[in-house]
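What follows is a set of notes on a single structure, which appears directly below.
The values are calculated or read from the model by the stated rules, or taken from the named source; none is laboratory data. On a predicted model such as this, the values are computed, not experimentally measured, just so you know. Cβ atoms come from the backbone with ideal geometry, glycine included; neighbour counts cover every protein chain shown.
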Ligand code: SF4
């Protein structure tokens, strides 16, 4: 099988669309929770999913497959979702045959999120939806849809909860509670959160699983003003929440950096500050390079500016306590033209006004864009 995702994985996205995995750029399943009555019936028996399996069954290389966003970047040296699925993330899956078994489930129960990160939008964040006056973009799962999620929980090996902000939606508390009742030995639960607030009921259910089952990743970009501006909330509050998590649980966690035109210049300082501010961090990943919206991408810098910034990042030696995944940072290629400068300036000014903070004062490298 070209990629195990087609036989093992299903993703429920914000807005309730169904996808094969989180790199399914063309939404090839063309379906949504609203159209179906059973997730497992859709996964095992639907003509749509089976037609897709038929379509990919003779492919051998990611570069042959246009529907997958990460496959499209394979020839630039980036890890594909397929490699993550087949070789990195799930080495234990090597023992699996190619039978069709729903083992990997990723769920976004809503786009509820109190942050408004400048590279995000209304589809993922209710705060963005409110700021844009698009209240129709606020999406919750109803009881019928939640029932469909509960039905597949007993058999999965891997659950990933994303958002929005998963700890801001009580439906995720219900999913974790049901999961503990029906599948307490699940291999892995991944939660990707902004770390702003984790309430006590969530702490209690996390404590029921063993730390080895839980992979927590918190998205933090920059520190202080850079963080506050890029994400639209207080860095100090996130630090307090995460240090409280360390007091209340035995969990360690990763920090996930989103690398934008705003956060790349301070990426190395950010790594060092996160290591000193956060007591529970044991790993940092900086491989989420923002390409879209292009006017927020770090590829807006020239190649020599990029090379000057990433040189010290790549040379930095890991500390014994915290490892740093910088894969991808070393492969950032400049867009090499100026036709995004106006869009970048407009976007930056807009968020300077919303945040009441001039980001140029804190990221002086931004004045290089377009020069
Ligand atoms: S925390 Fe996540 S969902 Fe919320 S605004 Fe930021 S990127 Fe979007």
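Can you name every residue in region 312-337 that is under 26 Å from the mean Cα position of the chain (by Cα) and over 23 Å from residue 254 (Cα atoms)?
Hits for region 312-337 are 333, 334, 335.
Taking the stated definitions as given, is residue 150 over 24 Å from residue 34 (Cβ atoms), touching a residue at least 24 places away in the same chain (Cβ under 8 Å) and not assigned by TED's automatic domain parsing to the domain that holds residue 38?
Details: over 24 Å from residue 34 (Cβ atoms): no; touching a residue at least 24 places away in the same chain (Cβ under 8 Å): yes; not assigned by TED's automatic domain parsing to the domain that holds residue 38: yes.
Answer is no for this residue.
Filtering region 134-158 down to residues that are under 22 Å from the mean Cα position of the chain (by Cα) and in a loop (DSSP other than H, G, I, E, B), which residue is farthest from residue 209 (Cα to Cα)?
The extreme case among them is 138.
Determine, yes or no, whether residue 333 is in contact (Cβ under 8 Å) with a residue 24 or more places away in the chain and more than 20 Å from residue 218 (Cα to Cα). Quick ask: steps written out before the conclusion?
Details: in contact (Cβ under 8 Å) with a residue 24 or more places away in the chain: yes; more than 20 Å from residue 218 (Cα to Cα): yes.
Spelling it out, residue 333 is indeed in contact (Cβ under 8 Å) with a residue 24 or more places away in the chain and more than 20 Å from residue 218 (Cα to Cα).
For region 104-133, enumerate the residues that are in a loop (DSSP other than H, G, I, E, B), within 21 Å of residue 348 (Cα to Cα) and either within 9 Å of the ligand (Cβ to nearest atom) or touching a residue at least 12 places away in the same chain (Cβ under 8 Å) (or both).
Going through region 104-133, the residues in a loop (DSSP other than H, G, I, E, B) turn out to be 109, 111-125, 132-133.
Now drop any that are not within 21 Å of residue 348 (Cα to Cα), which leaves 114-125, 132-133.
Selection gives 114, 115, 116, 117, 118, 119, 120, 121, 122, 123, 124, 125.
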